[in-house]
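Data first, discussion second: the structure below is written as structure tokens.
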Ligand SMILES: [Zn+2]
């Protein structure tokens, strides 16, 4: 976007109108359209979604999110129908915006369910910088889970099995690259689901990966992701046996909590001479529920598991990829409840419990400093 347009745009009073998003957040048109980053930040998650409105009128006028790839990728807002365009106020920029005919895959009201099912085709790349802290691994995990919509559970669809999750994560890995421009997929290994018939093939894949990362230079590393079967911990060292493979992983536990059976572990690894198994250069782990939804704390796992037992439909927003307007706390879970959604918050500290919630939404809240057991869930 060139400067000239920006100046003209920000001088326009109508840009104070807000877009209301289906998740209850809102942002001014000015803020949304101010940069390519902001367009992506606010609009990417709602590409193809219905339920967005412009509040220049009451009730709001339906709008949609389009994506343009030429000359460069950008997201934009357009009136849901041609007739809707004229319903915007005179000074609303969406009234005068070029009416972009929706492309074939933007047509029609896509439901949230449909979105949940669709592949993560519009994800732009995540570029990660390797740091000794390993924080990039957590970011990468959250990104992969979010872009492949593995952070949402919908009882309408078959339960996720290991194969389905592995396939989705492999697709998501294609959208991650390192600052040296190497793709995660070039460095990646996640064991195939073990079956007796595939034993030879699976063992061979593990050996090939181990050979690729056998330490002979700074580039000899790979990234592995697997489910923890067991952890043998000795002081600050642990040997992790992984599900679906015989290859063990050696990790150092400094400040992080040791991974537990059933956790997902992701690690940048190499194979050291004279050592069996792989050695983690950095690692991160998190628990997942039965439906493979990441839980970021034990309380969260309690809540999400209880929702799953009730066969609920919900989304788990992951902090590094979830964008809401600045002063709204990221909910621990968004429950789809009949026709509405309920934002669920877990207070882990007294400070959090003391903060009023600013979400303009139906909310549910669990103050864990006062109540150790899960409060009653919405009916
Ligand atoms: Zn409007």
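Suppose R0 equals 35 Å. What FRET efficiency, 1/(1 + (r/R0)^6) with r the Cβ-Cβ distance, do residue 90 and residue 358 give to the nearest 0.05? Step by step, r from the Cβ atoms, then E = 0.65. Note on the range 126-286: Rg/Rh from C-alpha atoms, Kirkwood Rh, equals 0.94.
With neighbour counts taken as other beta-carbon atoms within 10 Å, the residues 86, 52 rank, fewest first, as 86, 52. Rounded, prolate or oblate: pick one for the range 220-379, where a ≥ b ≥ c are the square roots of the eigenvalues of its C-alpha gyration tensor, a/c under 1.5 means rounded, and failing that, prolate if a/b is larger than b/c, else oblate. Cα axes put the range 220-379 in the prolate bin. Sorting the segments 208-220, 235-247 by their residues' average number of neighbouring beta-carbon atoms within 10 angstrom, most packed first, yields 235-247, 208-220.
If I take all pairs of Cα atoms in the range 301-367, what percentage of them are more than 18 Å from each other? Here the tail beyond 18 Å accounts for 37 percent of pairs. When each of 304, 137 is scored by the number of other beta-carbon atoms lying within 10 Å, the sequence from fewest to most is 137, 304.
Residue exposure proxy: 376, 201, ordered by other Cβ atoms within 10 angstrom of their Cβ from fewest to most, comes out as 376, 201.
Protection proxy ranking of 222-231, 185-194, by the mean of other Cβ atoms within 10 Å over each peptide's residues and highest first, is 222-231, 185-194. Which whole-number percent gives the relative contact order of the range 126-286, counting Cα pairs below 8 Å spaced six or more residues apart? It rounds to 20 percent for the range 126-286.
Readers should treat all values here as calculations from the given coordinates under stated rules, not as data from a laboratory. Everything numeric here is computed off the predicted structure, so don't read it as measured data. Cβ atoms come from the backbone with ideal geometry, glycine included; neighbour counts cover every protein chain shown.
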